[in-house]
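Notes to accompany the following structure.
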Amino acid sequence: MTSAPPMEDLQPATAEALFAERVRALVADRCGYAPRPASMAPLAAALVRRRRGRSHEDYWDALQGAAPGGGELQLLVEDVLNHDTVCGRIPPHFETLGRHVLPALARLGRPLRLASLGCSTGEEVYTMAITAAEIFGLNGSPAVEIVGLDLSARVLEVARAGIYQSSSLRELSPAQRQCGFIRQADGFHVRPEIAQRVRFLQHNIMQPLPLVGLDAVFCRNVLIYFNPDSAQQVLGHIRAALAPGGWLFLGPSESALHLREWFEPAAFAETMLYRRRQL
Ligand SMILES: C[S@@+](CC[C@H](N)C(=O)[O-])C[C@H]1O[C@@H](n2cnc3c(N)ncnc32)[C@H](O)[C@@H]1O
């Protein structure tokens, strides 16, 4: 059997492509994100940008150096992940949350806890809080806490600031905007009554979630970038964090995942959700 030639003997383009493939495998293993060969350009470009003249081996050591999800690996991944989001994305989910899920959960007669995995800059979390405020009132009962988790420290800073431009609010009705935001010179500020229901945590969802007894989890437009094994691992973490009967909202392209053993489909006129089985 012939062994692989040392990196320095390869043509530069080949060495770069092999190195990018090695990093792709590391990123997929630690963070879930696994671009297909045809979609490698952003990762390859970020590698060149961040390596800044360091040799492949030195940069590999830097990637390995920190704890999973921390240090250079964290910065590289932040650069390539898709963080696109807007308030009210996939309106049928929020209609179903408001019309069916929150009223059913309110009958439990206790405070409610919801989470958004891969919450990006926070718009999804604030829309969940606005939906709860529309049903229960801005200071009403039951108390609702919503936790947003994301790997990226950078997007969480924006989420915590809670100031958005009108383009981020374009999917909201005038009533939802009014309920959630106060217009100021520099943008739309999240109302304090909405902000107090919300908190944000930096967390890599490839690791068990730091939350238990959740009543509903949104995990939308995140697992589409993961390979099936990593997506299944995340589903296991969601299952462990959800209360029995807890609700799961997945993005439309994520609903094809192998889910049915742990989650029961629940069809509504507006959309399809999943509920954690009792097992
Ligand atoms: C396209 S955004 C989706 C935002 C929102 N959920 C939505 O549907 O509008 C995907 C987010 O998932 C986050 N993400 C990707 N992999 C992650 C991981 N392993 N742990 C935590 N967050 C992750 C990214 O940082 C990004 O902000």
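The values are calculated or read from the model by the stated rules, or taken from the named source; none is laboratory data. Quantities reported herein were computed from a predicted structural model and do not represent experimental measurements. Cβ coordinates were reconstructed from backbone atoms using ideal geometry, including for glycine residues, and neighbour counts include every protein chain displayed.
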Count - residues of the range 208-264 that are of a type in the set (A, V, I, L, M, F, W, C) and touching a residue at least 40 places away in the same chain (Cβ under 8 Å): 16
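Given the range 97-191, what helices (runs of 4 or more DSSP H) lie entirely inside it while holding 3 or more residues that are among the aliphatic types (A, V, I, L, M) and within 30 Å of TYR33 (Cα to Cα)? Walk me through how you get there before you give the answer.
Values: elements: 102-106, 123-136, 153-161, 174-180.
It comes to 123-136, 153-161.
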One residue from GLU134, GLU72, GLU157 being without any contact (Cβ under 8 Å) to a residue 24 or more places away in the chain, surrounded by fewer than 23 Cβ atoms within 10 Å (Cβ to Cβ) and touching a Gly at 6+ places or on another chain (Cβ under 9 Å): GLU72
First in the range 37-60 and without any contact (Cβ under 8 Å) to a residue 12 or more places away in the chain, second anywhere and part of a helix (DSSP H, G or I) and among the small types (Gly, Ala, Ser), Cβ under 8 Å, 6 or more apart: ARG54/ALA62
Scan of the range 33-47 for residues that are surrounded by fewer than 13 Cβ atoms within 10 Å (Cβ to Cβ) and either in the same structural domain as GLN232 (by TED's automatic domain parsing) or in a helix (DSSP H, G or I) (or both), ordered by number: PRO37, ALA38, SER39, ALA41
Count of the range 14-32 residues which are under 13 Å from PHE226 (Cβ atoms), in a helix (DSSP H, G or I) and not β-branched (Val, Ile, Thr): 5
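Being free of Cβ contacts under 8 Å to residues at least 60 places away in the same chain, surrounded by 14 or more Cβ atoms within 10 Å (Cβ to Cβ), closer than 26 Å to ALA28 by Cβ and touching a Pro at 6+ places or on another chain (Cβ under 8 Å) narrows it down to one of VAL144, VAL80, so name that one. Before you say what the answer is, go through the steps one by one.
On the way: VAL144 fails: closer than 26 Å to ALA28 by Cβ.
From the options VAL144, VAL80, the qualifying one is VAL80.
Rundown of residues vs (1) modelled with pLDDT of 95 or more; (2) surrounded by fewer than 22 Cβ atoms within 10 Å (Cβ to Cβ); (3) away from the ligand (no atom under 13 Å from the Cβ), yes/no style:
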| residue | (1), (2), (3) |
| --- | --- |
| PHE218 | yes, no, no |
| VAL222 | yes, no, no |
| ILE238 | yes, no, no |
| LEU250 | yes, no, no |
| TRP262 | no, yes, yes |
| PRO265 | no, yes, yes |
| MET272 | no, yes, yes |
| ARG275 | yes, yes, yes |
Whichever residue in the range 160-172 is under 16 Å from GLN196 (Cα atoms) and either out of contact with any helix residue (DSSP H, G or I) (no Cβ under 7 Å at 6 or more places or on another chain) or not assigned by TED's automatic domain parsing to the domain that holds ALA185 (or both) and, among such residues, is farthest from the ligand (Cβ to nearest atom): ILE163
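Looking at VAL190, is it among the β-branched types (Val, Ile, Thr), out of contact with any Leu (no Cβ under 8 Å at 6 or more places or on another chain) and surrounded by fewer than 18 Cβ atoms within 10 Å (Cβ to Cβ)?
No; evaluated as a whole, the condition is false for this residue.
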Residue identified as more than 29 Å from SER168 (Cα to Cα), surrounded by 19 or more Cβ atoms within 10 Å (Cβ to Cβ) and within 12 Å of the ligand (Cβ to nearest atom) among ARG51, ARG30: ARG30
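Rundown of residues vs (1) on the phi < 0 side of the Ramachandran plot; (2) within 23 Å of the chain's Cα centre (by Cα); (3) among the aromatic types (Phe, Trp, Tyr), yes/no style:
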{"site": "ARG24", "(1), (2), (3)": "yes, yes, no"}
{"site": "ARG30", "(1), (2), (3)": "yes, yes, no"}
{"site": "TYR33", "(1), (2), (3)": "yes, yes, yes"}
{"site": "ALA41", "(1), (2), (3)": "yes, yes, no"}
{"site": "ARG52", "(1), (2), (3)": "no, no, no"}
{"site": "SER55", "(1), (2), (3)": "yes, no, no"}
{"site": "ASP58", "(1), (2), (3)": "yes, no, no"}
{"site": "ALA62", "(1), (2), (3)": "yes, no, no"}
